[in-house]
Amino acid sequence: MKTILITGALGQIGTALTARLREKFGVDHVIATDIQRPENSTVVENGIFEYLDVTDQLAVEQLVEKYQIDTIIHLAALLSAVAEEKPQLAWELNMGGLMNALEVARIHDLKFFTPSSIGAFGPQTPKVQTPQVTLQRPTTMYGVTKVSGELLCDYYFQKFGVDTRSVRFPGLISYEALPGGGTTDYAVDIYYEALKKQAYTSFIDKGTYMDMMYMPDAVDAIIRLMEAPSENLIHRNAFNVSAMSVRPEDFEKAIQAHIPEFSLDFEVDPIRQAIAESWPNSIDTIQARKEWDFSPEYTLEKMTADMLEKLKEKSLS
Ligand code: VAH
């Protein structure tokens, strides 16, 4: 991995990953792209940024040739809740964009990463310590595109030898960029509201377990996986990764250790609650640990301390 094209670079993962890869490889080796060009964005201002609509394969190919790309990190996609509102658009972007990026990777012999999600599992999947290989019959359009994406990436590896790699991300928590339209977004919103109002109303119900991970661990997982020897990878598309299985009330307790007066109440969003209940409570990450040393650093407590500190710094800047 030397010269990397990132699609969806302005998203929650893209913002953090772009900064880390620019640090690691140098700003001239990371081409951040997205379908907008916002004012005062660190992604746009701190390195090379290009407008890119991933539904236009020629446009993807032109940037790969212009910058002599050797790796595509394809993040552009609609997340679960938005995808349920716009299922046809979600299929077109999530699958059309993925196919275009995979085709360019095939034609130019590029290394390829795209994330799957715990959303690739469905209500019939074993819910506790969900295995790496198990029944996947998701009931959301997001999940349909994620399990289809896993299969498509496996196909491009087996049929065309494209070095495709992927992980099933849990809910990701970060302070750099807000998530956009996910079911797990409550786990980010809660920190902002804790500082602003010392209170938060969760749209996900009490007692609802979901896998979560802090963004530094997610970025580290992408880099570790992409730098692992190809011959070590058995379950390349897509590894279960997670750092914790938590409920909204677990966040409440962790935040109260820093803001004792913080209070949590509930106003459940039936659509996002139904999505959350169709996903596992906890997933087994043993294969990622075995095949490429996945090893998350942040517990709920350590993440909470860092999130609150970083958000305080952000609000003061
Ligand atoms: C979502 N944050 O909520 C994403 C993620 C596991 C959740 O895929 O849609």
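Only one entry in D211, D217, D265, D185 is surrounded by fewer than 18 Cβ atoms within 10 Å (Cβ to Cβ), out of contact with any Leu (no Cβ under 7 Å at 6 or more places or on another chain) and acidic (D, E), namely D265.
Residue count for the stretch 89-121, restricted to those that are among the aliphatic types (A, V, I, L, M), open to solvent by less than 50 Å² (accessible area, probe 1.4 Å) and within 16 Å of the ligand (Cβ to nearest atom): 6.
Consider the stretch 188-208 and keep the residues that are open to solvent by 10 Å² or more (accessible area, probe 1.4 Å) and closer than 25 Å to T285 by Cβ. The one that is nearest to the ligand (Cβ to nearest atom) is T208.
For the stretch 262-292, a tally of residues being of a type in the set (D, E, K, R), within 16 Å of the ligand (Cβ to nearest atom) and under 15 Å from P248 (Cα atoms) returns 3. When residues in the stretch 1-55 are screened for being small (G, A, S), in a loop (DSSP other than H, G, I, E, B) and either open to solvent by 60 Å² or more (accessible area, probe 1.4 Å) or more than 16 Å from the ligand (Cβ to nearest atom) (or both), 4 of them pass.
Are any residues in the stretch 159-172 more than 16 Å from the ligand (Cβ to nearest atom) and of a type outside the set (S, T, Y), and if so, which ones? Matches in the stretch 159-172: K159, F160, G161, V162, D163, R165.
The single residue among S242, S295, S317 that is under 17 Å from D220 (Cβ atoms), among the polar types (S, T, N, Q) and free of Cβ contacts under 8 Å to residues at least 60 places away in the same chain turns out to be S295. I want to confirm something. Restricting to the stretch 293-310 and keeping residues that are crowded, with 20+ Cβ neighbours inside 10 Å and of a type in the set (S, T, Y), which single residue is farthest from F251 (Cα to Cα)? Within the stretch 293-310, the match that is farthest from F251 (Cα to Cα) is Y298. Considering each of Q124, Q136, Q132, Q68 in turn, give the residue that is touching a strand residue (DSSP E or B) at 6+ places or on another chain (Cβ under 9 Å), of a type in the set (S, T, N, Q) and either part of a loop (DSSP other than H, G, I, E, B) or within 13 Å of the ligand (Cβ to nearest atom) (or both). Sole residue among the options that is touching a strand residue (DSSP E or B) at 6+ places or on another chain (Cβ under 9 Å), of a type in the set (S, T, N, Q) and either part of a loop (DSSP other than H, G, I, E, B) or within 13 Å of the ligand (Cβ to nearest atom) (or both): Q132. Cβ-Cβ contacts under 9 Å between residues 6 or more apart (or on different chains), taken from a first residue in the stretch 171-194 that is over 21 Å from G143 (Cα atoms) and polar (S, T, N, Q) to a second residue that is more than 9 Å from the ligand (Cβ to nearest atom) and outside any helix (DSSP H, G or I), are listed as S174/Y214.
Those strands (runs of 3 or more DSSP E) of the stretch 153-256 in which 2 or more residues are of a type in the set (V, I, T) and not assigned by TED's automatic domain parsing to the domain that holds R272 are absent. The set of residues in the stretch 257-285 being in a loop (DSSP other than H, G, I, E, B), more than 17 Å from I204 (Cα to Cα) and not polar (S, T, N, Q) consists of A257, H258, I259, P260, E261, F262, D284.
Filtered by the rule that a residue be in contact (Cβ under 8 Å) with a residue 60 or more places away in the chain and either aromatic (F, W, Y) or at positive phi (or both), the stretch 147-170 gives F157, F169. In the set A199, A177, A218, only one residue is modelled with pLDDT under 95 and aliphatic (A, V, I, L, M); that residue is A177.
The set of residues in the stretch 173-187 being within 6 Å of the ligand (Cβ to nearest atom) and not small (G, A, S) consists of P179, T183, T184.
Filtering the stretch 136-177 to residues that are over 25 Å from E85 (Cα atoms) and of a type in the set (S, T, N, Q) leaves Q158, T164, S166.
The values are calculated or read from the model by the stated rules, or taken from the named source; none is laboratory data. Being a predicted model, the structure only gives us computed values, none of them experimental. Heads up, the Cβs are rebuilt from the backbone with ideal geometry, glycines too, and the neighbour counts pull from every protein chain shown. Accessible surface areas use protein heavy atoms only, side chains included; no ligands, DNA or RNA. Shrake-Rupley method; radii C 1.70, N 1.55, O 1.52, S 1.80 Å.
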